Structures are given as C-alpha cells and as structure tokens.
Amino acid sequence: MGEYEVFFGEYRHNIDAKGRLSVPVKMRNQCGESVFVTRGNDGCLALYTQEGWEDYYQELQALPQKKKSTRTYIRLITSRVSECEFDKLGRINIPLVLRQEGHLEKECVIVGVGDHVEIWNNEAWDQFYDDNKDSFDDISEGLDDFEL
C-alpha cells in the first residue's frame, strides 16, 4: 500500500448547473492534477487521490471474488468511477450520473475522512450528523473491540 495524504475538516461549497464543484484549497493542494470520484457509503460520493484510488482498488481486488456480494460491490464502485481534473479555478466537474447518485443539487458539504474526501448533499449530511452526534461516546467505546 502506498502512502496518501490525510484529509480532515468540513467545508460547504455550491455545485453549479454544469456539475463544477470547488474543492477547498487545503484539500486540493494534496490532490495533484486530478482525483477519482465514485459512489461512497451512506449516500455520499467518495473522492480519492491517484494514490488513494490505487490503494483502494487493490483492496477491492483482494476481496473474495467468488462471493456474489463482493462482485456486486466492486461493480457498483468501479462502474461509476470518474477521473476528474482540476480546472484553473480549482474545480472538478462531477458527471451527471454521479451528481444524481449523491443527490448533489446546489449546496454540498465536503468532508475529509482521513484517506479520502466525501461529498454530501447538504441536507443529507446535516441529517446524518444530527442522527449520529449524540452516539459519539457509545461509538467511541465500541471501537475498543477492534484490533488496530
């Protein structure tokens, strides 16, 4: 596995009618000339650097290919992935099929989650955050069950 940048923070930016979304400078400076955008979990889109996408793809290929759920998951991820280049203004153009997948219409929330970035519909992010913020301590405590 390669090394990748660490993304964090929450930013709100508008996506225009053509699907152009400005990526925050702090994140963009870690991305190179282009990024890979695909379906994420919980209704968002996932944005990866070149190196991050290569690592993630290697993880996908290491999954048991004989399992139907694995094949389905890989198809859902890879069929919609798009390499998006930054324009002069630091925007990426997210294809319509992905904008529809993430329900991106106007205001978006860009969230750094460590090894990648998530792009959320504003209302979906606020709902997700509100639904989960009061469980923070319980979730944290439950993480002790995982080996790191």
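The values are calculated or read from the model by the stated rules, or taken from the named source; none is laboratory data. Not measured: the values here are computed from a predicted model. Note that each Cβ is placed from the backbone with ideal geometry, even for glycine, and that neighbours are counted across all protein chains shown. Heavy atoms of the whole protein, side chains included, go into the accessibility calculation; ligands, DNA and RNA do not. Shrake-Rupley method; radii C 1.70, N 1.55, O 1.52, S 1.80 Å.
Worth a mention:
- For the range 1-104, the relative contact order works out to 37 percent when only alpha carbon pairs closer than 8 Å and six or more residues apart are counted.
- Calculated accessible area for the chain comes out at 65 Å² per residue, all protein chains present (probe 1.4 Å; ligands, DNA, RNA ignored).
- Solvent-accessible area assigned to carbon and sulfur over the chain amounts to 48 percent, based on a 1.4 Å probe.
- Pairs of Cα atoms nearer than 8 Å and 6+ residues apart set the relative contact order; for the range 35-93 it is 41 percent.
- Helix-only CD estimate at 222 nm, as mean residue ellipticity for the chain, using -39500 (n - 2.57) per DSSP H run (n ≥ 4): -10000 deg cm²/dmol
- Average silhouette area of the chain, convex hull of alpha-carbon atoms, in square nanometres: 9.7 nm²
- Highest average packing first - 84-96, 36-48, 127-139, Cβ atoms within 10 Å: 36-48, 84-96, 127-139
- Rounded to two decimals, the Cα-based Rg/Rh of the range 32-99, with Kirkwood Rh, is 1.01.
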